[in-house]
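Worksheet: the structure to be examined is printed underneath.
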Amino acid sequence: MSGIAAPNEPLDMIRLSLDEKVYVKLRGAREMVGKLHGYDSHCNVVLGDAVETIYEVDDTTLETKVSTLCGCSKKQTRTNKLQTTTKKSDMLFIRGDSVILISTVSE
């Protein structure tokens, strides 16, 4: 058996990840990766050297397609484009009610 203790309670898994790099999935199509500096029973989390990724769908783009057989028919369709925004922070507090999951990151 390895020297790492097995988690007995759900928060033990977070405790065992202190000072390690973690992935945090949040509400609102956001996710964070950073070093876990602290947490509490409400899953409030403090991350250092954090990278936040925000996913947004742009559904305002109209695309026009022309039939290749005769070139006479046109069809407009709405296309969805996924846009990502990335932000970096030295230190970040995440409120626990926005946390969906916390996972370790293997490097």
>> Here is a check on your reading of the model: is residue 85 in contact with a Lys or Arg (Cβ under 9 Å, 6 or more places away or on another chain), surrounded by 10 or more Cβ atoms within 10 Å (Cβ to Cβ) and at pLDDT 90 or above?
In response: no
> Which pairs have Cβ atoms under 6 Å, sit 6 or more apart or on different chains, and link a residue in region 7-28 that is farther than 22 Å from residue 107 by Cβ to one that is in a helix (DSSP H, G or I) and small (Gly, Ala, Ser)?
Replying inline: 27/98
> Can you name the residue in region 24-42 that is part of a strand (DSSP E or B) and out of contact with any Asp or Glu (no Cβ under 7 Å at 6 or more places or on another chain) and, of all such residues, is surrounded by the fewest Cβ atoms within 10 Å (Cβ to Cβ)?
Replying inline: 38
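The values are calculated or read from the model by the stated rules, or taken from the named source; none is laboratory data. Worth saying up front: this structure is predicted, and the values here are computed from it rather than measured. Because the Cβ atoms are built from the backbone with ideal geometry, glycine has one as well, and the counts that use them run over all protein chains shown.
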